[in-house]
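Asks: Take this structure first; my questions come after.
Laboratory data are not the source of any read-out in this text; all were calculated from the coordinates shown. Keep in mind the model is a prediction, meaning the values are calculated, not measured. Quick reminder, even Gly has a Cβ in these numbers, built from the backbone with ideal geometry, and neighbours come from all protein chains shown.
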Amino acid sequence: MNEGVQKYVEKAKKMLGQRERYIKEETKKWKFDTIAVHGAYSVQEAIENNQGAIIEPIFLSSAQAYRDTDEMEAAQSYLIPSWAYTRIHNPSIGYLEDTLALLDGYGFDGETNCCAASSGLAAIASATDPFLVKLTRKADEAINFVSSCQIYGGTFQQFNIRKMQERGIECRWVVDPNNVDEWASKIDKNTRFLFGELPTNPGLVFFDLKKIIDLAHEHGIPFIADSTIATPALLRPITFGADIVIHSVTKTMTASGFSIAGAVIARKNIITNIENDEMKADFTNYIKFLPNRDIGWCLSPIQAILSLNDIRTLRSKIDFLSQSSLKVARFLEKHPKISSVNYLGLENHPLYEVASKYLWLVDAEYDDQYKKPINRYGHLLSFQLKGGIQAARVLLDGLKRIWRATDLGRIKSIATIPSISTHQQMGEESRSLASIPADLVRLCVGAEHPDDIINDLEQALDKI
């Protein structure tokens, strides 16, 4: 390293040291809401670097210029913080990553980092593919991973088609994720990770997270959690020992529906049986600067800031939407044309107890309204009608205020029938495996007054 490059490296170390102290001494001491509003964006950074902009600016330039060749060399060698080229990194994307890392690491003593991606499915591929590499040329190295089969339809397709059928990497499905022995029976020396989604979309399955994380670590492999539906406002798997968390930021986090984004959040020093010290030490920086750089799953700077602005009110939004959802679920479970309702907040739900162990509204004990821990269960629910699939179609077609769409997590209420939409491509056999019946209706409750949502459901039910 020549003297000029070393100069920039030393300058970067000083700057990074100041930033790390700011996060440790200031940001990490804040409550969840404050982190959601500010992230790691400080007044000092705004004044010194961004002309005092209170809101994080959008950097739309695709590339960055350098003072001289020494700075260019240092940046392209990843020796100093640099955004270089937006496919690799960008300051606007960094603001979102900082905030998500802090939110999912809220309550965790260690360090967390984040790598944003262009969508939730890109985030899942980013989080899983680095583990699915052949370590040797041995014929018996049959790489596999273990996943609950109750997962989002797009994730199921990525695992079942893209990884299994096209690449020959076996996904071993767990039918009952609350059965620890079933998980254990699927693990062997070539298993690379365990994967689970909780709560699941659309069946609202939940399992004892800590038990499965501990099982993964007993075998020296990481646990990867999809926590999209819960968001960090209700569940932060890293605080229970998970190595990696993924989100479709598109969903509940950014309820406005303006943007598509994904995120991978990981704690430092993950557990893995792959001998890659760089990946173990800082998984998200590793994927950001190496595989994702080459594949190009980058997020747009505009989408990053739109997502960031939605996240600022995450806790209060989730609280309100959860309360409305419980009211709607209680209406549905009493209706004579409804045969069953899946909502984890209903006391008679078979998974109510295990969900209540993990799903808590963050910082409710500091809220003057509650002053104690409060369970909340999110704004996704599903239900079946006594008339089967035809009744489900009549209901959906009869809705006037609730939107018929395949989206999820919006500020507006949205309903769909997964078997003919979001989970259609799985096929009947796979839907049966994942417990997604043909007549299941998925409802994501929005921020309308719950009475208006109930009235719309009621008038649609009257048409059956």
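Asks: Just the Kirkwood number for segment 314-461, please: inverse of mean 1/r across all distinct Cα pairs, in Å, one decimal. Walk me through the numbers before you get to the answer.
Replies: Values: mean 1/r = 0.0627 Å⁻¹.
Over segment 314-461, the inverse of the mean reciprocal pair distance is 16.0 Å.
Asks: Cα-based Rg of segment 324-403 per 2.2 N^0.38 Å, rounded to two decimals?
Replies: Working: Rg = 15.5 Å, N = 80, 2.2 N^0.38 = 11.6 Å.
Output field value: 1.33.
Asks: As an exercise, identify the GluC sites (Glu not before Pro) in segment 322-358 lying in DSSP coil whose Cβ has no more than 15 other Cβ atoms within 10 Å.
Replies: Working: sites: Glu333, Glu347, Glu353; in loops: Glu347.
When the GluC sites (Glu not before Pro) of segment 322-358 are filtered for loop state and at most 15 Cβ neighbours within 10 Å, Glu347 remain.
Asks: Rg (Å, one decimal) plus Dmax (Å, integer) for the alpha carbons of segment 175-269?
Replies: Cα only, segment 175-269: 13.9, 44 Å (Rg, Dmax).
Asks: If you average the alpha carbon positions of segment 222-263 and of segment 146-180, how far apart do those two centres end up, in angstrom?
Replies: 19 Å
Asks: Residue by residue, what Karplus-based ³J(HN,Hα) values in Hz, rounded to whole numbers, does segment 164-177 have, using 6.51, -1.76 and 1.60 with θ = phi - 60° and x for Gly and Pro?
Replies: For segment 164-177, the Karplus curve yields 6, 6, 8, 10, x, 9, 6, 9, 9, 7, 9, 7, 10, x Hz.
Asks: With the cut-off at 20 Å, report for segment 256-381 the share of all Cα pairs above it, as a whole percent. All intermediate terms of the calculation are to be shown ahead of the outcome.
Replies: Numbers: 5081 of 7875 pairs.
That fraction is 65 percent.
Asks: On to the next question. When N counts the residues of segment 3-311, how does its alpha-carbon radius of gyration compare numerically with 2.2 N^0.38 Å, as a ratio? Could you put the intermediate results ahead of the total?
Replies: Working: Rg = 19.5 Å, N = 309, 2.2 N^0.38 = 19.4 Å.
Cα-based Rg divided by the globular estimate yields 1.01.
Asks: List the extent of the Cα atoms of segment 73-188 along each of their three principal axes, largest first, rounded to whole Å.
Replies: Over segment 73-188, Cα extents along the principal axes are 46, 38, 27 Å.
Asks: Within segment 156-185, list the chymotrypsin sites (Phe, Trp or Tyr not before Pro) lying in a DSSP loop whose Cβ has at most 16 other Cβ atoms in a 10 Å radius.
Replies: On the way: sites: Phe156, Phe159, Trp173, Trp183; in loops: none.
Passing sites in segment 156-185 do not exist.
Asks: I've got another one for you. From the helices alone, meaning DSSP H stretches of at least four residues, give me the mean residue ellipticity at 222 nm for the chain, per-run term -39500 (n - 2.57), in deg cm²/dmol to the nearest 500.
Replies: Details: 18 runs with 175 residues, N = 464.
Here the helix-only value at 222 nm equals -11000 deg cm²/dmol.
Asks: Given H placed on each backbone N at 1.01 Å, which residues far from Val205 in sequence or on other chains put an amide H within less than 5 Å of it?
Replies: Correct list: Thr200.
Asks: Once amide H atoms are placed 1.01 Å from N in the peptide plane, what residues at a sequence separation of 5 or more from Ala447, or on another chain, have their amide H within under 5 Å of its amide H?
Replies: Lys412, Ser413
Asks: Which of the trypsin sites (Lys or Arg not before Pro) found in segment 395-464 are in a DSSP loop and have at most 15 neighbouring Cβ atoms, other than their own, within 10 Å? Numbers along the way, then the final one.
Replies: On the way: sites: Lys400, Arg401, Arg404, Arg410, Lys412, Arg431, Arg442, Lys463; in loops: Lys400, Arg401, Arg410, Lys412, Lys463.
Loop-located and lightly packed - Lys400, Arg401, Lys463.
Asks: Per residue of segment 275-282, what does 6.51 cos²θ - 1.76 cosθ + 1.60 with θ = phi - 60° give for ³J(HN,Hα)? Whole Hz please, x for Gly and Pro, Karplus curve as stated.
Replies: 7, 9, 4, 5, 5, 4, 5, 8
Asks: Which of the lysines could a cross-linker bridge to Lys386, judged by Cα under 29 Å and excluding same-chain residues fewer than eight apart?
Replies: The reachable lysines, counting only those whose Cα sits under 29 Å from Lys386, are Lys327, Lys334, Lys337, Lys400, Lys412, Lys463.
Asks: Let me ask something else. Regarding segment 1-121, what's the average projected area of the Cα-atom convex hull, expressed in nm²? Write out the running numbers ahead of the final one.
Replies: Values: hull surface 34.4 nm².
Result: 8.6 nm².
Asks: Still on this structure, I have one more. Rounded, prolate or oblate: which fits segment 320-370 when a ≥ b ≥ c are the square roots of the eigenvalues of the alpha-carbon gyration tensor, with rounded for a/c under 1.5 and prolate only if a/b beats b/c? The partial results should precede the final answer.
Replies: Values: a/c = 3.85, a/b = 1.74, b/c = 2.21.
The shape class here is oblate.
Asks: Next up: In whole Hz, what ³J(HN,Hα) sequence does segment 105-116 give by Karplus (6.51, -1.76, 1.60; θ = phi - 60°), x for Gly and Pro?
Replies: x, 5, x, 9, 6, x, 9, 10, 10, 9, 10, 7
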